[in-house]
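Student: Dropping a structure here in structure tokens format, bear with me for questions.
The values are calculated or read from the model by the stated rules, or taken from the named source; none is laboratory data. Just so it is clear, the model here is predicted, and its values are computed rather than measured. Methodologically, a virtual Cβ is constructed for each residue, glycine included, from the backbone with ideal geometry; neighbour enumeration extends over all protein chains shown. These area figures cover heavy atoms from the full protein model, side chains too; ligands, DNA and RNA do not enter into them. Shrake-Rupley method; radii C 1.70, N 1.55, O 1.52, S 1.80 Å.
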Amino acid sequence: NRVRSWIALSLCFLLLIGALYVALTGRSPSAQTHQQTLTDVGFDTFVTFSQEGTQEEFDENLAFIRERFLYYNQLFDRYQSDEGVNNLKTINDAAGDHAVVVDDALIDCLLMARTYTGYSPHFDASQGTLLEVWHTYREEGISLNEAGEDGRLPEEAELQRAANAQSWDVVRIDEESNEVMIIDPDVSLDLGGIAKGYIADQMKAYLNQKGITSGYINLGGNVLALGAKTDGSAYTIGIQRPFGEENEAIASVSITDQTVVSSGVYERYFEVDGTRYHHILDTATGYPYDNGLLEVTIITGASVDGDGLSTTCFSLGLEDGMALVESLDATEAIFITDDYEVHTSSGMGTVIPYEILED
């Protein structure tokens, strides 16, 4: 899933993976850049880490990143338990019965997830039961679609039960004892909406503390720049064209010490009778959103904010989502509607079409 492309006269390569790519230009001829992609760290995705410096330093940081991602995957996994470690699945399994003592990081991420519900009730990490229903049908549907057959939709009664089983009012988080309890046995939690962003921010903080201020982390499409490039110039990030070819971008933006995160209907979906059913769910109806949006990209300082806001703004739709972005400091957005029109927040300036970047 990696593509390298030399652009114009600059020494530059283009990395396009999943929803985003990173184009690094203007490297000093004497600078040594190390880059490696990890596919063994969980979350059903990859991590690409790039850093300029010595091989020894890079290897040390890469080993730490691998170990930390494996640990966070263990904590945030809602599908598998791990003996000796209480994780998200442990909490869900204990719903309606007892409290569970968990790691600080899980408490921290849960509190952040609850905060984003305040921006929009449609972003809700307590909708794990509904997400699980659609996950089951989506996985089956993808397999059927690949075989040339239609997928199946959940029954209305099944959806209604799952949609009703969501509420932060039944989730008790005790920060002093690190205990979490879900009072209602039908409710479950899912951190898929912000977990990658949270982890990317933790990795950046660690690297910054070690004095690493140039490079980037790409966690399954969440791109986080560690400052600027060594020559002081910005990183150029390409935005995936919805339903385009695997490495086809629709536009690009430039960032320094920021993150770029996208949510879109093209990422995970299956088809029934010619209709696509994607993974971003309307908690009010129980069905995937059908609001005229194909993709929302957030440009901001923290990757966890990019994660939460990209989903939240998608759920709010173009007008209300853009209004939310305009109300926030140091946050910009790109909305792509189903006519492939690119809408940008007021502070974005000019968004460069990919075709111009390539020329």
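Student: I'd like to check something: does the range 160-177 contain any residue that is part of a helix (DSSP H, G or I), more than 21 Å from G308 (Cα to Cα) and charged (D, E, K, R)? Before you say what the answer is, go through the steps one by one.
Tutor: Start the filter on the range 160-177 by keeping residues that are part of a helix (DSSP H, G or I), which leaves 160-164, 168-170.
Still in the running and more than 21 Å from G308 (Cα to Cα): 160-162, 164, 170.
With the extra rule that they be charged (D, E, K, R), the set shrinks to 161.
Yes, the range 160-177 has at least one match.
Student: Please work out which one of (1) surrounded by fewer than 22 Cβ atoms within 10 Å (Cβ to Cβ); (2) over 20 Å from the mean Cα position of the chain (by Cα) is the condition F243 fails and give its number.
Tutor: (2)
Student: In this structure, does T311 turn out to be surrounded by 18 or more Cβ atoms within 10 Å (Cβ to Cβ) and in contact with an Asp or Glu (Cβ under 8 Å, 6 or more places away or on another chain)?
Tutor: It is false that T311 is surrounded by 18 or more Cβ atoms within 10 Å (Cβ to Cβ) and in contact with an Asp or Glu (Cβ under 8 Å, 6 or more places away or on another chain).
Student: In this structure, does D174 turn out to be under 21 Å from Y79 (Cβ atoms) and at pLDDT 90 or above?
Tutor: no
Student: What are the residues in the range 180-196 that are in contact with a helix residue (DSSP H, G or I) (Cβ under 6 Å, 6 or more places away or on another chain) and in a loop (DSSP other than H, G, I, E, B), if any?
Tutor: I183, D184, V187, L189, D190, L191, G193, I194
Student: L207: under 30 Å from F64 (Cβ atoms), assigned to a loop (DSSP other than H, G, I, E, B), aliphatic (A, V, I, L, M) and open to solvent by less than 50 Å² (accessible area, probe 1.4 Å), yes or no?
Tutor: Details: under 30 Å from F64 (Cβ atoms): yes; assigned to a loop (DSSP other than H, G, I, E, B): no; aliphatic (A, V, I, L, M): yes; open to solvent by less than 50 Å² (accessible area, probe 1.4 Å): yes.
When the stated conditions are applied, L207 does not pass them.
Student: Those residues that are out of contact with any Leu (no Cβ under 7 Å at 6 or more places or on another chain) and in contact (Cβ under 8 Å) with a residue 60 or more places away in the chain, I need them from the range 257-276; list them, please.
Tutor: Selection gives V261, E267, R268, Y269, F270, E271, D273.
Student: Among the residues of the range 145-156, are any of a type outside the set (D, E, K, R) and over 26 Å from F314 (Cβ atoms)?
Tutor: Of all residues in the range 145-156, those of a type outside the set (D, E, K, R) come to 145, 147-148, 151, 153-154.
Next, from what is left, pick out any that are over 26 Å from F314 (Cβ atoms): 147-148.
Taking every residue of the range 145-156 in turn, at least one turns out to be of a type outside the set (D, E, K, R) and over 26 Å from F314 (Cβ atoms).
Student: Here is a further query. Give me the residue from the range 104-123 that is open to solvent by less than 20 Å² (accessible area, probe 1.4 Å) and not in a helix (DSSP H, G or I) and, out of that set, nearest to V187 (Cα to Cα).
Tutor: F123
Student: Just to check your reading of the model, which residue among I250, I199 is in contact with a helix residue (DSSP H, G or I) (Cβ under 8 Å, 6 or more places away or on another chain), open to solvent by less than 10 Å² (accessible area, probe 1.4 Å) and either outside any strand (DSSP E or B) or under 30 Å from E139 (Cα atoms) (or both)?
Tutor: Residue meeting the stated conditions: I199.
Student: Only one of G128, G141 is open to solvent by less than 10 Å² (accessible area, probe 1.4 Å) and either closer than 26 Å to L309 by Cα or at pLDDT below 90 (or both); which?
Tutor: After applying the criteria, what remains is G128.
Student: List the pairs whose first member sits in the range 62-75 and is open to solvent by 50 Å² or more (accessible area, probe 1.4 Å), whose second member is modelled with pLDDT of 90 or more, and whose Cβ atoms are under 6 Å apart, counting only residues at least 6 apart or on separate chains?
Tutor: Filtered contacts from the range 62-75: R66/L38.
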